[in-house]
Amino acid sequence: MRLVLLGPPGGGKGTQATRLAAAFKVPHIATGDLFRFEITQGSELGKLADSYITRGNLVPDSVVNDMMRGRLKEGDCEGFILDGFPRTLEQAHVLEETLEQISRPVEVAVNLVVPDDVIVERAAGRRVCRQCGAVYHLTAKPPKVSGVCDVCSSALTVREDDQPETVRHRLEVYHRSTEPVVEYYQSKGLLLDVDGVGNPNEIFENICAKIQSVCYN
Ligand code: AMP
């Protein structure tokens with residue numbers, strides 16, 4: 001399965017991508033995670049990416065495209081779930097070219113549809129563990145002890161790009177730069193819209209049912 005997962009920032013792409021990758025036994029490739037890893041390593045790429053990410057801006061296309069060209073040509077990428085890439089039309093074109101070269105085109109693009117007010121509410125309640133990467137939500141998935149990670153007992157923090165002004169800015173960037181990517185996949189007949197509000201298990205079932213109806217019928 002070669003699947004692109006689209007949707008607004010904080011719309012649940014990471015959760016669904018993790019499940020899809022396990023279900024289809026393909027790598028989950030998340031550009032946001034790749035950048036966060038580089039940031040923790042203190043690499044030059046990490047420092048550059050951090051200066052964009054903390055302001056809620058997109059990392060420049062040239063940087064993202066170089067990173068992804070390399071990643072997609074690795075041996076484990078016969079199938080993949082792409083999470084957070086492509087986020088601009090330019091990235092979508094580079095993805096298409098790169099996959100054409102290795103004869104592994106995108107088969108389906110799933111678009112999680114989530115209204116802006118739901119995104120703002122979710123981000124306000126999200127808490128993360130910088131030590132082990134676990135993610136919580138104050139009401140939907142609270143830790144057992146307030147402010148403490150269940151997994152490794154480290155203090156939980158708010159992701160800098162989850163601050164309310166940053167979230168609103170990320171949504172503006174999403175509408176301006178990434179919605180055209182949704183239209184791009186629609187024009188290619190590859191787009192499946194899925195309601196992204198509600199129980200993650202049900203959302204996952206809906207995604208699988210839609211994929212089944214287009215890919216295996
Ligand atoms: P995410 O975890 O997918 O929400 O990504 C976190 C941040 O990483 C985004 O707000 C962007 O600053 C940056 N980022 C991730 N993927 C991309 C991409 N495809 N293009 C540009 N910036 C990206």
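Coordinate-derived values only; no laboratory data. Given the structure is predicted, the values throughout are model-derived calculations rather than measurements. Cβ sites come from the backbone with ideal geometry, for glycine too, and all protein chains shown count toward neighbours.
For this structure, a couple of remarks:
- For the chain, modelled as a GNM whose springs connect Cα atoms under 10 angstrom apart, the maximal fluctuation among Leu45, Leu82, Leu171 occurs at Leu45.
- Cβ crowding within 10 Å, taken as a proxy for footprinting-reagent exposure, orders Asp33, Asp83 from fewest neighbours to most as Asp33, Asp83.
- Amide H within-cut-off set for His137, under 5 Å, with H built and near neighbours excluded: Arg127
- Evaluated at q = 0.16, 0.19, 0.21, 0.27 Å⁻¹, the base-10 log of the normalised Debye intensity for segment 2-57, with identical point scatterers placed on the Cα atoms, takes the values -0.58, -0.76, -0.85, -1.04.
- Theoretical FRET efficiency, 1/(1+(r/R0)^6), r = Cβ-Cβ of Thr40 and Met1, R0 35 Å, to 0.05: 0.75
- For q = 0.18 Å⁻¹, Debye-computed log10 I/I(0) when each Cα of the chain counts as one equal scatterer: -1.52
- Alpha carbon centroid spacing (whole Å) that separates segment 1-55 from segment 130-171: 16
- Mean separation of Cα contacts under 8 Å, 6 or more apart, over the residue count of segment 28-120: relative contact order %: 28
- Across Gln131, Gln163, Gln16, mean-square fluctuation computed from a Gaussian network of the chain (C-alpha pairs under 10 Å connected) peaks at Gln131.
- Only DSSP H runs of four or more residues enter the estimate; each adds -39500 (n - 2.57), and after division by the residues of the chain the mean residue ellipticity at 222 nm equals -14500 deg cm²/dmol.
- Cα gyration tensor, segment 1-126 - rounded (a/c under 1.5), prolate or oblate: oblate
- For the chain, the longest site-free run once trypsin sites (Lys or Arg not before Pro) in DSSP loop states with at most 11 other Cβ atoms within 10 Å are removed: 26-143
- Loop GluC sites (Glu not before Pro), segment 32-90, which have at most 15 other Cβ atoms in a 10 Å radius of their Cβ (DSSP): Glu74, Glu78
- Residues in segment 43-57 that a label on Glu172 would reach, taking backbone N under 12 Å of a point 7 Å out along Cα→Cβ: 56-57
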